[in-house]
1. Residue check, ILE195 against (1) out of contact with any helix residue (DSSP H, G or I) (no Cβ under 6 Å at 6 or more places or on another chain); (2) in a strand (DSSP E or B), all met but one. Which one?
2. Inspect all residues belonging to segment 199-218 and state whether any of them is of a type outside the set (S, T, N, Q), in a strand (DSSP E or B), touching a residue at least 40 places away in the same chain (Cβ under 8 Å) and not assigned by TED's automatic domain parsing to the domain that holds THR97.
3. Would you mention how many residues in segment 67-88 are touching a residue at least 40 places away in the same chain (Cβ under 8 Å) and either on the phi < 0 side of the Ramachandran plot or touching a helix residue (DSSP H, G or I) at 6+ places or on another chain (Cβ under 8 Å) (or both)?
4. Which of the residues belonging to segment 43-57 are surrounded by fewer than 14 Cβ atoms within 10 Å (Cβ to Cβ) and over 21 Å from SER83 (Cα atoms)?
5. For residues in segment 176-192 being of a type in the set (S, T, N, Q) and outside any strand (DSSP E or B), which is surrounded by the most Cβ atoms within 10 Å (Cβ to Cβ)?
6. Mind telling me which of the residues THR114, THR109 ends up being within 20 Å of CYS62 (Cβ to Cβ), of a type in the set (Val, Ile, Thr) and over 17 Å from the mean Cα position of the chain (by Cα)?
7. If you check every pair at least six apart or on different chains, which have Cβ atoms under 6 Å apart with a residue in segment 156-173 that is in contact (Cβ under 8 Å) with a residue 12 or more places away in the chain first and a residue that is exposed (fewer than 12 other Cβ atoms within 10 Å of the Cβ) second?
8. Would you be able to say whether some residue in segment 181-191 is in contact (Cβ under 8 Å) with a residue 24 or more places away in the chain and small (Gly, Ala, Ser)?
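The values are calculated or read from the model by the stated rules, or taken from the named source; none is laboratory data. Note that this is a predicted model, so its numbers are computed, not measured. Note that each Cβ is placed from the backbone with ideal geometry, even for glycine, and that neighbours are counted across all protein chains shown.
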Amino acid sequence: MKTQSYIGILLLSILLFSCSAEDDSGSSTPPTTTQQPSPTPAPQVPTPGKSSLSAPDNNEVCFEGEAVDTSNSAVTFKWDASSDTDSYDLQITNQETSETQTESGITLTSKEVTLATDISYGWKVISKSKDTSETSTSEIWQFYLAGDGQENYAPFPATIVNPSSGASVDASDGKIILSWGGNDPDESDTLTYTIYFDDIDGLQDPSGDNTGISETSLEVSVESGKTYYWRVKTSDEKSSSFTLVYSFFVN
């Protein structure tokens with residue numbers, strides 16, 4: 001009888017110890033974790049807007065400016081204010097030499113610049129902000145700056161039709177066709193064209209076949225995988241005008 005009592009007490013002790021261990025295990029506190037705060041996103045800085053040009057008018061050939069002397073005139077360039085812009089750069093390109101002059105840090109929407117007369121110019125405006133390195137560029141306009149009292153006007157710079165600047169083109173039997181349009185404010189003038197075409201910069205001396213052209217297209221030989229440059233010189237009986245240099249890639 002004593003033996004049975006001893007065995008019963010022993011079993012009861014084992015059960016109590018087992019239940020106590022399960023309770024301790026179930027009531028353990030899980031480790032605490034600290035949630036990291038989400039980083040604050042950097043504020044978005046807007047890109048300056050693109051300005052709209054207003055004067056001199058695009059393709060104007062009778063523009064005379066304000067005469068400074070017999071060979072120079074003051075030209076006032078004007079454009080519309082663009083959004084998120086602190087200053088403007090005005091870039092003016094002599095279309096005969098392709099030389100560009102830049103007037104920087106302009107805070108107004110106009111700028112007077114003295115230029116040589118009897119020359120075609122291209123111009124554009126670059127919008128800038130002090131808060132970002134991103135910029136925006138306007139369209140490119142062009143005009144012919146006539147001299148004081150000039151009676152015969154230079155022809156309009158030709159209008160490039162094909163290939164457009166930056167285009168990728170497919171050649172046919174190693175050839176493509178360059179095409180353009182021409183016009184002259186002096187209706188009685190006869191126009192001829194000289195095509196500057198090369199794979200360097202569009203400023204190299206033209207070949208004999210590329211001069212004195214009366215048509216507004218020219219077939220040229222090209223190689224796949226190369227970039228080519230070209231511009232058009234338009235001439236009447238007394239004066240000439242030039243386009244900017246355009247480029248295209250042959251697939």
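1. For ILE195, the failing item is (1).
2. Yes - at least one qualifying residue is present in segment 199-218.
3. Here the count works out to 15.
4. Answer for segment 43-57, where residues must be surrounded by fewer than 14 Cβ atoms within 10 Å (Cβ to Cβ) and over 21 Å from SER83 (Cα atoms): just ASP57.
5. ASN183
6. Within the list THR114, THR109, the selection yields THR114.
7. Final answer for the pair search is SER168/ASN251; ASP170/ASN251.
8. The answer is yes, given that some residue of segment 181-191 is in contact (Cβ under 8 Å) with a residue 24 or more places away in the chain and small (Gly, Ala, Ser).
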